[in-house]
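The values are calculated or read from the model by the stated rules, or taken from the named source; none is laboratory data. Note that this is a predicted model, so its numbers are computed, not measured. Glycine also receives a Cβ, built like all others from the backbone with ideal geometry; neighbour counts cover every protein chain displayed. To get the accessible areas, we keep the full protein, side chains included, count just its heavy atoms, and leave off ligands, DNA and RNA. Shrake-Rupley method; radii C 1.70, N 1.55, O 1.52, S 1.80 Å.
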Amino acid sequence: MPEWSILAIVAVVIVAVVVMIVKLHVNPVIALAIGAASIGLLSGLGAMGTVETMAAGFGDTMAEAGLLIAWGVLIGSLLNRMGAITRLVETLLRAFGPKGVPYAIGISFATYLQTIFVDVMIVLAAPLARRIAPRLGKAGVGIMAATFAISLETGIALMVPGIGAVMIAASLGVPIGQMLLWGVVVVVPTVIISILLMTIAFRAGFWKAGDELAMIDDGGERDASGAGPEDAPRSVAGATRSIPVADADAQADRSGAGVLVAEHDDPTIRRLPLLVLFAPLLLSLVLIALGAILDVAGLEVPPMQFLGAPAIALLIGVIGTAVIARRVLGRTELERALVHGFKDAGQIFALTGVGGALAAVIAAGELGPLLTQYLGASAFAPILLVWAFAAILHIAVGSVTLSAMTAAGILAPVAASLGLDPVLVGLAAGAGALFCIHVTSNTFWLLQSFLGQSVRGALKSVTVGVSVASIVALGMVLLLSLVL
């Protein structure tokens, strides 16, 4: 098959998938499946070859990421129901003060709190953010909105257990422990530098009075329409507004059984120290990091390798968090939180697996060698091209997770031939997928409404803020490439 026809097929199908998602509002899972099947049939894999390749790609991706997604979502669901997130933000405010709290919140949201749905995090923490904002000066709303946007989206794309980072690692075959280890190296300075730059810009006059809206005092629980956290729509890890998964049971049950409700003031909930609530999750991340360090060092310590395996480490976190939740919530509420967690995980399973199927179909064709030839002859650094490719996909699709995963999957066959460590390809794709979050993003509208911004204000804090983080993250990946 001529080279131009292969490139044309993949380009046309990707554009068609984008149109289906953005314009026709087709569910991304269905759109990706149609795209994968179309590429397979048009590129000469044949009917059976296409089906077998899609099934293999789905299975391989789920084998790598399935358990991690399940355990991470369950931990997040339990922590959310115990009110741990709201209490954490309150504690950070007391510990770091108004000027330091954006950085403390940003690092927390971008790292160990990535087990929580992005949309859920916004809904739960927004009332506290609105109370912190006046203490940061006239630009307080903009600073807090940029902090939320930068940290939550950066964590999704670059930091395990963020769903985007897990998907990228699965697509590229990067060990989860290594993705976690190098993700921390990129994410922490990216968040700090980006928040600092946006704070300086806002205080220098970039944030105007018309960039925020007057908020009706909601008592910290409900917005101006009377809707509370349980009424908020959710999307798969903030992936796209095309995947609404608002839970009818949660909306009907005003007692707080829904996964979105974190009634930390409920007198029936026992208040354990915050460190106790987060201890199992922190232990899981430490075990994964230790396993990655041993792997990088080439040391073999069988007990530690077992405990540090991501699936085992996060299972330990689930068990520990469930034991604590049983004491804090009681058996009935524990079971309800687990049920909602499994429902949420099902949505992510489908997106992750079908994304793997698309990547497998593309890799099975001749696109990989063609990209290798093109990139090898390019005068630009391959990392910059990976970043740009993911950025273009994100601008079109409006989904951080989807664009990062697609870019990583398409470029996976290229990495080894160019001498790039696959983790650099993954981090570059994640960084590029952050560029230019705009009105197609569910996160954009949640931050606009829950933090009391005008659309112009959200374009500054979310679109500009996360784009700054995208560029800073690219710089960090380029620096990391000098080491790896």
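Some values worked out for this structure:
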{"read-out": "Output for region 27-81, where each listed residue is of a type in the set (A, V, I, L, M, F, W, C), farther than 14 Å from Gly355 by Cα and surrounded by fewer than 22 Cβ atoms within 10 Å (Cβ to Cβ)", "value": "Leu41, Leu42, Leu45, Ala47, Met48, Val51, Leu67, Ala70"}
{"read-out": "Region 14-45, residues that are in a loop (DSSP other than H, G, I, E, B) and of a type in the set (Gly, Ala, Ser)", "value": "Ser43, Gly44"}
{"read-out": "Members of region 312-332 that are open to solvent by less than 30 Å² (accessible area, probe 1.4 Å) and either touching a Pro at 6+ places or on another chain (Cβ under 6 Å) or assigned to a helix (DSSP H, G or I) (or both)", "value": "Ala313, Leu314, Gly317, Val318, Gly320, Thr321, Ala322, Ile324, Ala325, Val328, Leu329"}
{"read-out": "Failed item, numbered, when Trp182 is tested on (1) under 13 Å from Lys138 (Cβ atoms); (2) at pLDDT 90 or above; (3) surrounded by 18 or more Cβ atoms within 10 Å (Cβ to Cβ)", "value": "(1)"}
{"read-out": "Residue check, Ala104 at pLDDT 90 or above and surrounded by fewer than 24 Cβ atoms within 10 Å (Cβ to Cβ)", "value": "yes"}
{"read-out": "Any hit, region 208-220, residues being in contact with an Asp or Glu (Cβ under 9 Å, 6 or more places away or on another chain), open to solvent by 10 Å² or more (accessible area, probe 1.4 Å) and free of Cβ contacts under 8 Å to residues at least 40 places away in the same chain", "value": "yes"}
{"read-out": "Qualifying residue in region 441-450 (condition: at pLDDT 90 or above and open to solvent by less than 10 Å² (accessible area, probe 1.4 Å))", "value": "no"}
{"read-out": "Residues located in region 114-147, provided they are among the aliphatic types (A, V, I, L, M), open to solvent by less than 20 Å² (accessible area, probe 1.4 Å) and either outside any helix (DSSP H, G or I) or modelled with pLDDT of 80 or more (or both)", "value": "Ile116, Ala129, Ile132, Ala133, Leu136, Ala139, Ile143, Met144, Ala145, Ala146"}
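To keep it simple, each residue is scored yes or no on (1) closer than 30 Å to Lys208 by Cβ; (2) modelled with pLDDT of 80 or more; (3) part of a helix (DSSP H, G or I).
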| site | (1), (2), (3) |
| --- | --- |
| Leu385 | no, yes, yes |
| Ala415 | no, no, yes |
| Leu420 | no, no, no |
| His438 | yes, no, no |
| Val472 | yes, yes, yes |
| Val477 | no, yes, yes |
| Leu484 | no, no, no |
